[in-house]
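Notes follow once the structure below has been shown.
The values are calculated or read from the model by the stated rules, or taken from the named source; none is laboratory data. Fair warning: this is a prediction, and the values are worked out from it, not measured in the lab. Cβ sites come from the backbone with ideal geometry, for glycine too, and all protein chains shown count toward neighbours.
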């Protein structure tokens, strides 16, 4: 149970920290290294990096479902665009009503991006809107669930190598029972995040990337008498090593601590999730003119703790994940895949008749402007 609790906290952190927009396949297959790898997926956290990528259209598919699509246009020093996702916003505390909105999260309505140069300094904004409602009006059934979420993210690059971001997220929830009485009212839950990274070029082939992130989350339920507060700190140092033409190896070593507290009806619960440390690595190399091979993995040494009304429980374990990836480029078309490892032992359908997919997720990208 406690191990499952740790996975839930980690999943919630990822959902709050990013807008879940761009094509994440490359950074995923290179060890989930979004913090230290230059890629379009960076715009989820660092919106100013959108200036590097120009006009293009993006689609991401996971398990036979299109999960994200986006398009961007470049006009001189300005790049702008938008994205749709079938993912949702899941706050750390969401009241659980009859219709399940709190469990599955608020639907994403749209995400918009804007980036431009300000006196030679790339500056970017990202705005995401989430919302959902289910309202009943019948004799004896006045139940309702309504939720609205908003996230504004801003980033700037100074001296060409130092990138910083700040984000503000807000969420409102209201639940009513069959009599129409309010049973939960989260009004103005706030999440504030700050972060930075420095691309310190040590030599032509070696770049060091220290990075840091702080997130503070606070939500209060006026009617239900619940209050939740959390703080997350992520510190790490990574590198990019260019071993040859288009051959790249990346590593990231760091620690992340997540401290939370929940007070409800006179009871209290304190939680701890600590990666001490985490280590990520990835590799990318061309196989031919059009094909690229990728692989990556990570280790997370995890400490989980919980103290509820004087009863405590602590546990430690290790998470390990591996990835195999592939990329194909043809003129302005780019295809990236998170390859199912079972494909190598199962073989292609033509030879074995096995019906499983070759890839667990893919990203498709068409570039029409630099």
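Tabulated data
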read-out	value
Given (1) free of Cβ contacts under 8 Å to residues at least 12 places away in the same chain; (2) in contact with a helix residue (DSSP H, G or I) (Cβ under 6 Å, 6 or more places away or on another chain), number of the condition residue 153 does not satisfy	(1)
Enumeration of residues in the stretch 67-83 that are in contact (Cβ under 8 Å) with a residue 24 or more places away in the chain and more than 24 Å from residue 169 (Cβ to Cβ)	73, 74, 77, 78
Residue, surrounded by the fewest Cβ atoms within 10 Å (Cβ to Cβ), within the stretch 34-66, restricted to residues that are assigned to a strand (DSSP E or B) and touching a residue at least 40 places away in the same chain (Cβ under 8 Å)	57
Test: residue 128 is farther than 26 Å from residue 294 by Cα, modelled with pLDDT under 90 and assigned to a strand (DSSP E or B)	no
Selected residue [farther than 26 Å from residue 166 by Cβ and assigned to a strand (DSSP E or B)] from 243, 208, 214, 235	243
Meets criteria (without any contact (Cβ under 8 Å) to a residue 24 or more places away in the chain, within 30 Å of residue 244 (Cα to Cα) and either more than 21 Å from the chain's Cα centre (by Cα) or surrounded by 13 or more Cβ atoms within 10 Å (Cβ to Cβ) (or both)) for residue 170	no
Residues located in the stretch 77-96, provided they are modelled with pLDDT of 85 or more and in a loop (DSSP other than H, G, I, E, B)	77
Unmet requirement for residue 360, which otherwise passes all of (1) in a strand (DSSP E or B); (2) closer than 30 Å to residue 209 by Cα; (3) at pLDDT 90 or above	(3)
Condition check for residue 185: at pLDDT 95 or above, buried (at least 16 other Cβ atoms within 10 Å of the Cβ) and assigned to a strand (DSSP E or B)	no
Sole residue being in contact (Cβ under 8 Å) with a residue 40 or more places away in the chain, touching a helix residue (DSSP H, G or I) at 6+ places or on another chain (Cβ under 6 Å) and assigned to a strand (DSSP E or B), chosen from 315, 269, 280	315
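To keep it simple, each residue is scored yes or no on (1) surrounded by 13 or more Cβ atoms within 10 Å (Cβ to Cβ); (2) at pLDDT below 95; (3) touching a strand residue (DSSP E or B) at 6+ places or on another chain (Cβ under 9 Å).
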position: 256; (1), (2), (3): yes, no, yes
position: 264; (1), (2), (3): yes, yes, yes
position: 271; (1), (2), (3): yes, yes, yes
position: 276; (1), (2), (3): yes, yes, yes
position: 288; (1), (2), (3): no, yes, no
position: 307; (1), (2), (3): yes, yes, yes
position: 351; (1), (2), (3): no, yes, no
